[in-house]
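Q: Please find one structure pasted underneath; my questions will follow.
What follows draws every value from the coordinates through simple rules; no lab data is involved. These figures come from a predicted structure and were not determined experimentally. Neighbour counts run over all protein chains shown; Cβ positions are idealised from the backbone, glycine included.
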Amino acid sequence: MEYEYGVAKIIDNYTLVISGGELDGIRKGDTVKILDQSGITINNPYSGKDLGQLPRIKQELIVERVYDEFSICTTLTETSYSTLDSMTMANKKAYGILNNFNETKEVKKRLNIDSIEPVDLGSNNVIKVGDPVVIEK
């Protein structure tokens, strides 16, 4: 598979440059996925026909700054929110009145399947110059 864009330069542990910019339609805030060159082959279970490759994603980043022909991307920020400070939580827990109103969790419904064939969608490869990237608007 041929890709349009790739990792052009690694600046530090949080920032890298991709080969694609404003002239390519890339905008600040776009999501960038760095791909592993080896995907997972998907075959039609009835005909055996090769249906293509399921990509393995090394990392997702966000476009922070866009130049004409390249863009600077940074890692995504993980944020944890709590509506209660630690002292309030400790007091409520001590009196047995702490509930989960400060925590929201979404859970996907399981499929009703007969067996699982494990598929490793992750990648343990390090990011390097030349890795392909895809842009999601």
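Q: What are the GluC sites (Glu not before Pro) within the stretch 1-58 that DSSP puts in a loop, where the Cβ has at most 16 other Cβ atoms within 10 Å?
A: Loop-located and lightly packed - E2, E4.
Q: Could I ask something else about it? By how many nm would the segment from V129 to T75 grow when fully extended, if each residue of separation counts as 0.36 nm and the alpha-carbon distance is taken off?
A: Length difference between fully extended and current span is 17.8 nm.
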